[in-house]
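Notes follow once the structure below has been shown.
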Amino acid sequence: MSNDVLLQLTGVVKEFTVKVGSGFKRRKRSLQAVAGVDLSLRRGETLGLVGESGCGKSTLARCVMRLFAVDSGRVVFDGDDLTHASNAVLKPYRRRMQMVFQDPYGSLNPRRRVGSIIGDPFRIQGVGSAADRQAKVQELMQLVGLNPEHYNRFPGEFSGGQRQRIGIARAIALRPELIVCDEPVSALDVSIQAQVLNLLADLQKELGLTYLFISHDLSVVRHVSDRVAVMYLGTIVEIAPSEAIYERTRHPYTSALLSAVPRFEADAGTARVESVLSGDPPSPLDPPSGCRFHPRCPRAQDRCRHEVPVLRVGNADDPEHLTACHFPLVDGDAS
């Protein structure tokens, strides 16, 4: 693995056993939430991961953090294979990879004081004395834009944006290298989202952080990401530098996602191909054969129904622009 690659996922698969039916017909079935994902994340970059709700983004995030054990494939962090590492082996890596969760209300214990919540990483990892921890926590609160004097308050005394800042302070406490941001602003008011995004950008510059930024909002992802990966039904269908995704879309699904992004007056003169998907996403309990997108794709042909496409570079594309499509779009195409 190249020295500048911090995280490497190879063929990652995650399945869950679910019960379907009722009564005597109730039975167990396998649901494949992540289906053979290959992904790399370079030091210091922000990789945006987008897709519809239920496509497997959050499950993949938890596989990266080893909160979920993967069923097959490999999770390699800084050259070390963590795929089957025990909790004891993972403990020192927890200092180097952290997570910011979507819900700033549900991710903080309402019965504990903010100082204790932010100080948990120090306590769990045995860093410093109690007095040292308090000083470090107050420094962290100031770093993320919170009043250090509010150390002893409870989460319920803070607004949603402030609570997310508390979650960010907890995540950066031990100066990790990688932070997985799982929809970190989707539960916040639009007026607060920009403040939190700017905070994340400032912390990245100051602390040299690497972000895996998960969102369903393509406008937010474009603002924060160096590269963007598009996920559909457990698979990556397109990955490219951010501007290439938005200006030279190759996968019909990506085109449809972009068509759904609201346009402002400033963009009114910019040409954009409109694309509307038919039908609902198939169930991950019974995914389609071949290309998983083919039942909803207006470009689908017989090959798409039988042959699984692999991520590859198009003829005229940047080597980093990969698309899993047998019949990708070319510039000016309608999907």
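On the given criteria, is residue 300 surrounded by 13 or more Cβ atoms within 10 Å (Cβ to Cβ) and at pLDDT 95 or above? Walk me through how you get there before you give the answer.
Details: surrounded by 13 or more Cβ atoms within 10 Å (Cβ to Cβ): yes; at pLDDT 95 or above: no.
Here the answer is no, as residue 300 does not meet what is asked.
To keep it simple, each residue is scored yes or no on (1) surrounded by fewer than 23 Cβ atoms within 10 Å (Cβ to Cβ); (2) acidic (Asp, Glu); (3) not in a loop (DSSP other than H, G, I, E, B).
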residue	(1), (2), (3)
153	yes, no, no
187	yes, no, no
191	yes, no, yes
213	no, no, yes
231	no, no, yes
245	no, no, yes
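Taking segment 88-136 as the search range and keeping residues that are small (Gly, Ala, Ser) and at pLDDT 90 or above, which one is nearest to residue 174 (Cα to Cα)? It would help to see each step written out before you state the result.
Restricting attention to segment 88-136, the residues satisfying the condition of being small (Gly, Ala, Ser) are 88, 106-107, 115-116, 119, 126, 128-131, 135.
Applying the additional criterion that residues be at pLDDT 90 or above yields 88, 115-116, 119, 135.
Details: 88: 18, 115: 15, 116: 15, 119: 10, 135: 14 Å.
Checking each candidate, the answer is 119.
Which condition from (1) in contact (Cβ under 8 Å) with a residue 12 or more places away in the chain; (2) out of contact with any strand residue (DSSP E or B) (no Cβ under 7 Å at 6 or more places or on another chain) is the one that residue 24 breaks?
Status for residue 24: all satisfied but (1).
Take residue 110 and decide whether it is under 17 Å from residue 151 (Cα atoms), touching a residue at least 40 places away in the same chain (Cβ under 8 Å) and surrounded by 20 or more Cβ atoms within 10 Å (Cβ to Cβ). Write out each step before concluding.
Details: under 17 Å from residue 151 (Cα atoms): yes; touching a residue at least 40 places away in the same chain (Cβ under 8 Å): yes; surrounded by 20 or more Cβ atoms within 10 Å (Cβ to Cβ): no.
It is false that residue 110 is under 17 Å from residue 151 (Cα atoms), touching a residue at least 40 places away in the same chain (Cβ under 8 Å) and surrounded by 20 or more Cβ atoms within 10 Å (Cβ to Cβ).
For residue 59, only one of the following conditions fails: (1) assigned to a strand (DSSP E or B); (2) out of contact with any Asp or Glu (no Cβ under 9 Å at 6 or more places or on another chain). What is its number?
Going through (1) assigned to a strand (DSSP E or B); (2) out of contact with any Asp or Glu (no Cβ under 9 Å at 6 or more places or on another chain) one by one, residue 59 breaks only (1).
Take the residues in segment 233-243 that are outside any loop (DSSP other than H, G, I, E, B) and touching a strand residue (DSSP E or B) at 6+ places or on another chain (Cβ under 8 Å), then tell me which one is surrounded by the fewest Cβ atoms within 10 Å (Cβ to Cβ).
Here is the first cut: in segment 233-243, the residues outside any loop (DSSP other than H, G, I, E, B) are 235-243.
Next, only the ones that are touching a strand residue (DSSP E or B) at 6+ places or on another chain (Cβ under 8 Å) stay: 235-242.
Working: 235: 24, 236: 25, 237: 25, 238: 27, 239: 26, 240: 26, 241: 16, 242: 18.
So the residue we want is 241.
Checking residue 17 against (1) free of Cβ contacts under 8 Å to residues at least 40 places away in the same chain; (2) in a loop (DSSP other than H, G, I, E, B), only one condition comes out false. Which one?
The single condition residue 17 does not satisfy is (2).
If a residue must be buried (at least 20 other Cβ atoms within 10 Å of the Cβ), closer than 24 Å to residue 185 by Cβ and touching a helix residue (DSSP H, G or I) at 6+ places or on another chain (Cβ under 6 Å), how many such residues does segment 54-107 contain?
Counting residues in segment 54-107 that are buried (at least 20 other Cβ atoms within 10 Å of the Cβ), closer than 24 Å to residue 185 by Cβ and touching a helix residue (DSSP H, G or I) at 6+ places or on another chain (Cβ under 6 Å) gives 3.
Taking only segment 241-280 into account, find how many residues are of a type in the set (Ser, Thr, Tyr) and modelled with pLDDT under 60.
Applying the first criterion (of a type in the set (Ser, Thr, Tyr)) to segment 241-280 yields 242, 246, 249, 253-255, 259, 270, 275, 278.
Filter once more, keeping what is modelled with pLDDT under 60: 270.
Adding up the residues that qualify gives 1.
Only residues that are in a helix (DSSP H, G or I), in contact with a Gly (Cβ under 7 Å, 6 or more places away or on another chain) and of a type outside the set (Phe, Trp, Tyr): list them for segment 102-144, please.
Let us first name the residues in segment 102-144 that are in a helix (DSSP H, G or I), namely 114-124, 130-143.
Then drop every residue that is not in contact with a Gly (Cβ under 7 Å, 6 or more places away or on another chain), which leaves 122, 133-134, 136-137.
If the condition is that a residue be in a helix (DSSP H, G or I), in contact with a Gly (Cβ under 7 Å, 6 or more places away or on another chain) and of a type outside the set (Phe, Trp, Tyr), then 133, 134, 136, 137 are the ones that fit.
Pairs under 8 Å by beta carbon, first residue among the acidic types (Asp, Glu) in segment 301-317, partner surrounded by 13 or more Cβ atoms within 10 Å (Cβ to Cβ), six or more apart or different chains?
Every condition considered, the pairs that remain are 307/290; 307/291; 307/326; 317/240; 317/244; 317/248; 317/250; 317/323.
Touching a strand residue (DSSP E or B) at 6+ places or on another chain (Cβ under 8 Å), in contact (Cβ under 8 Å) with a residue 24 or more places away in the chain and assigned to a loop (DSSP other than H, G, I, E, B): does that describe residue 174? It would help to see each step written out before you state the result.
On the way: touching a strand residue (DSSP E or B) at 6+ places or on another chain (Cβ under 8 Å): yes; in contact (Cβ under 8 Å) with a residue 24 or more places away in the chain: yes; assigned to a loop (DSSP other than H, G, I, E, B): yes.
Yes; evaluated as a whole, the condition is true for this residue.
The values are calculated or read from the model by the stated rules, or taken from the named source; none is laboratory data. In this text the structure is predicted, and so the values were computed from the model without any measurement. A quick note on method: Cβ atoms are made from the backbone with ideal geometry, for glycine too, and the neighbour counts reach across all protein chains shown.
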